[in-house]
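See below for the structure under consideration.
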Amino acid sequence: MPPTYDPNGPSGIGGWLILPLLGLVAAAASTGFNLFQAFMQWDSIGAIIQGNEPSLLYLRLPVIASLAIGLLAFALALYCLYLMLTRSSRTPNWMIGYYLFGVVVAVVEYLATRAITPSEASAMIYSLSGAVIGLFIWIPYFRVSKRVANTFRQPDADETRQIFT
């Protein structure tokens, strides 16, 4: 059972809670940059998706999956960042979902890389390992941390809170 609100305990976005916040900022920035680069090469990506060239047909599914998951990961990181900064009581559950989704993204990236460039797939194992390690660190943190309980499970959470108050 998750801890309950304790007015005498630590609260606010500080302590170890700053690391997930920074992780969300970094994830949104890097995913946004990668999506921007992908859309700058839309002529090549569009040709793959349209399937006009039969030799590129095998790339269609990995490219579409990568773009869709990249857009979803970007939106999810921004939404979790918003929830965290507004100290919403929904933050812990959404962050747990975010870390679970991160493992799914790492698996899809690995499979897409293996389909497109098999020689580079072994490098994606590090990304998958990092996502799994993050899962095992941050899910328990969001479930049992007193700071998380005091910051996001307060009785007045979700009541007209301003960012950074």
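The values are calculated or read from the model by the stated rules, or taken from the named source; none is laboratory data. No experiment lies behind these values; they were computed from the predicted model shown. Because the Cβ atoms are built from the backbone with ideal geometry, glycine has one as well, and the counts that use them run over all protein chains shown. The protein model used for the area step is the full one, side chains on, heavy atoms only, and it has no ligands, DNA or RNA in it. Shrake-Rupley method; radii C 1.70, N 1.55, O 1.52, S 1.80 Å.
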Collect the residues in region 123-156 that are free of Cβ contacts under 8 Å to residues at least 24 places away in the same chain and open to solvent by less than 80 Å² (accessible area, probe 1.4 Å), keeping them in residue-number order.
Ala123, Met124, Ile125, Ser127, Ser129, Pro140, Asp156
Qualifying positions in region 31-52 - open to solvent by less than 90 Å² (accessible area, probe 1.4 Å) and at pLDDT below 80
Ser44, Ile45, Gly46, Ala47, Ile48, Ile49, Gly51
Would you mind stating whether Leu83 is touching a helix residue (DSSP H, G or I) at 6+ places or on another chain (Cβ under 9 Å), modelled with pLDDT of 90 or more and either open to solvent by 50 Å² or more (accessible area, probe 1.4 Å) or among the charged types (D, E, K, R) (or both)?
no
Is it fair to say Tyr58 is at pLDDT 95 or above and not aliphatic (A, V, I, L, M)?
no
With region 1-111 as the region, which helices (runs of 4 or more DSSP H) entirely inside it contain at least 1 residues that are within 16 Å of Leu135 (Cα to Cα) and of a type outside the set (Asp, Glu)?
18-40, 60-85
Unique match (being open to solvent by 80 Å² or more (accessible area, probe 1.4 Å) and farther than 23 Å from Gly23 by Cα) among Ser119, Ser55
Ser119
